[in-house]
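Colleague: The structure's right below; bear with me while I get my questions together.
The values are calculated or read from the model by the stated rules, or taken from the named source; none is laboratory data. What you see is a predicted model, and the numbers here were worked out from it, not measured in a lab. Please note: Cβ atoms are built from the backbone with ideal geometry, for glycine as well, and neighbour counts cover all protein chains shown.
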Amino acid sequence: MTSDNAGFPDREAVEESYHRHVDAGRVDTWKMADMQLVMGEREGVRFSDAFTGKSYVNCHCNGGVFNLGHRNPQVIAAVRDAMDHIDIGNHHLVSSHRAAAAQRLVDSTGGRLTGVVFGTSGGEAIDLAIKAARHATGRDGIVSVEGAYHGHTGLALATGEAKFRDPFRHVVPGFDQVPYNDIDSMSAAVDDNTAAVILEAIPATLGFPMPETGYLPAVERLCRDRGTLLIIDEVQTGLGRTGTVWYHEQESIEPDMVVAGKGLGGGIYPIAATLMTAEVHSFTSDEPFSHISTFGGAELGCVAASTVLDIITDPRFLARVREVGDRIGRGLEDGPFEIRRRGMLTGLKFSEPMGGMAAMKTLFDEGVYSFFAGNDPSVLQFKPALVISDHDLDWLITTVRRVLG
Ligand SMILES: Cc1ncc(COP(=O)(O)O)c(C=O)c1O
């Protein structure tokens with residue numbers, strides 16, 4: 001493995017350029033936190049700093065982008081092979097690669113959600129879900145969960161927190177938010193003009209609070225009773241992370257739409273998808289060319305996605321995720337935090353309000369890269385790659401116990 005650092009001689013030079021041209025706040029924040037890092041070489045569950053060579057086990061994985069590890073060899077081989085023959089393709093034309101990836105996604109829902117619209121990012125796929133819900137119902141209202149996060153694009157941004165909207169004077173009517181795990185508030189908010197309820201089954205940015213028993217089925221019933229569609233954002237919970245392909249399977253609910261992103265491209269090519277019922281998908285025949293994305297469903301991305309889906313739908317792969325998740329749960333059970341976990345999706349909730357943030361720094365110094373939950377910094381998001389070996393897992397558990405215990 002080599003990393004040429006794009007020609008920059010040292011960290012200071014990268015930071016100076018990044019500060020000036022890309023994002024000053026990020027450079028300042030990381031410096032202030034004494035966590036300066038420029039990603040260099042990367043392979044499997046690890047990456048290293050481009051200038052010191054210090055190695056980190058990636059326990060955030062960009063929220064699931066690196067579910068299959070960095071530079072997964074199967075995904076790279078498939079995309080590399082495809083690059084000898086194809087490029088991104090043409091979004092106006094019919095595409096065999098797009099059809100093949102869509103077929104796999106449909107199969108992953110047991111054939112229940114038969115329509116797939118590809119996008120480039122989770123936010124774009126959420127925007128499309130909201131548009132499709134409004135088209136299908138002829139209603140405007142959208143209800144989401146306080147503290148949730150569905151992206152920074154137009155409609156997705158409107159479902160989230162004011163702190164992300166207000167600086168940009170982002171005012172979009174028709175959006176309402178209610179507390180998570182509170183079916184009465186949800187019931188009060190959903191009326192006969194509500195097109196959709198959108199929620200992550202386990203809200204990541206809120207620190208992975210687990211759904212109370214019966215909450216998600218109650219939301220589903222409420223939606224059915226009121227003619228409202230149910231959109232489940234599985235950008236973080238999906239694609240094997242919780243030990244099933246989709247988390248909503250474990251709740252025995254049947255959403256009208258499911259949104260996938262992050263891990264779908266195997267960390268190699270950005271791609272996202274909105275899965276939907278045939279009824280919702282009918283907008284593609286009612287209004288041909290009414291939704292357009294030049295790069296959404298790029299053929300190279302579809303090759304990556306098909307490979308990812310082939311890997312993560314293997315029952316042996318999912319059984320291993322469940323086994324490793326159980327080992328993480330057992331290994332950390334006597335730590336000074338509450339464990340919130342489904343499969344290998346884990347949040348460590350500390351009693352101090354900034355406990356997750358503090359734990360992030362402590363682990364960082366020991367070569368473990370994780371991240372606190374943006375809307376609840378008392379929680380550390382702890383998501384190692386699903387392909388972690390027994391050896392690396394043992395090291396990780398021992399390290400976390402030693403430094404946080
Ligand atoms: C649950 C969830 N939904 C949607 C998004 C938006 O995805 P993207 O950043 O690819 O637009 C994110 C991103 O972090 C997310 O965590």
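Colleague: Just give me the residues in segment 153-171 being assigned to a loop (DSSP other than H, G, I, E, B) and away from the ligand (no atom under 11 Å from the Cβ), in sequence order.
Modeller: Passing the criteria: Glu161, Arg169, His170, Val171.
Colleague: Mind checking whether some residue in segment 67-79 is surrounded by 22 or more Cβ atoms within 10 Å (Cβ to Cβ), at pLDDT 95 or above, within 16 Å of the ligand (Cβ to nearest atom) and not assigned by TED's automatic domain parsing to the domain that holds Ser370?
Modeller: Checked segment 67-79: at least one residue is surrounded by 22 or more Cβ atoms within 10 Å (Cβ to Cβ), at pLDDT 95 or above, within 16 Å of the ligand (Cβ to nearest atom) and not assigned by TED's automatic domain parsing to the domain that holds Ser370.
Colleague: Could you tell me whether any residue of segment 223-233 is within 27 Å of Ser306 (Cβ to Cβ), assigned to a loop (DSSP other than H, G, I, E, B) and away from the ligand (no atom under 12 Å from the Cβ)?
Modeller: Within segment 223-233, none of the residues are within 27 Å of Ser306 (Cβ to Cβ), assigned to a loop (DSSP other than H, G, I, E, B) and away from the ligand (no atom under 12 Å from the Cβ).
Colleague: If you check Val303, Val308, which single one turns out to be among the hydrophobic types (A, V, I, L, M, F, W, C), more than 16 Å from the ligand (Cβ to nearest atom), touching a residue at least 60 places away in the same chain (Cβ under 8 Å) and part of a helix (DSSP H, G or I)? Can you show your working first?
Modeller: On the way: Val308 fails: more than 16 Å from the ligand (Cβ to nearest atom).
Residue meeting the stated conditions: Val303.
Colleague: Scan Gly25, Gly40, Gly63 and give me the residue that is modelled with pLDDT of 95 or more, within 26 Å of the chain's Cα centre (by Cα), assigned to a helix (DSSP H, G or I) and under 26 Å from Leu396 (Cβ atoms).
Modeller: Gly63
Colleague: Where the second residue is hydroxyl-bearing (Ser, Thr, Tyr) and away from the ligand (no atom under 12 Å from the Cβ) and the first is closer than 19 Å to Ile126 by Cα and lies in segment 218-242, which pairs have Cβ atoms under 6 Å and are six or more apart or on separate chains?
Modeller: Close Cβ pairs satisfying both conditions: Thr228/Thr194.
Colleague: What are the residue pairs meeting all of these: first residue in segment 158-173, first residue among the acidic types (Asp, Glu), second residue crowded, with 16+ Cβ neighbours inside 10 Å and part of a loop (DSSP other than H, G, I, E, B), Cβ atoms under 7 Å, and 6 or more apart or on different chains?
Modeller: So the pair list comes out as Glu161/Gly147; Glu161/Asn375.
Colleague: Does segment 62-92 hold any residues that are in contact with a His (Cβ under 9 Å, 6 or more places away or on another chain) and under 30 Å from Lys361 (Cα atoms), and which are they?
Modeller: Phe66
Colleague: Still on this structure, please answer the following. Taking segment 166-190 on its own, how many of its residues are more than 26 Å from Ala260 (Cα to Cα) and in contact with a helix residue (DSSP H, G or I) (Cβ under 7 Å, 6 or more places away or on another chain)?
Modeller: 1
Colleague: Could you please find all residues in segment 310-347 being small (Gly, Ala, Ser) and either buried (at least 20 other Cβ atoms within 10 Å of the Cβ) or not assigned by TED's automatic domain parsing to the domain that holds Phe372 (or both)?
Modeller: Gly325, Gly343, Gly347 - these are the residues of segment 310-347 that are small (Gly, Ala, Ser) and either buried (at least 20 other Cβ atoms within 10 Å of the Cβ) or not assigned by TED's automatic domain parsing to the domain that holds Phe372 (or both).
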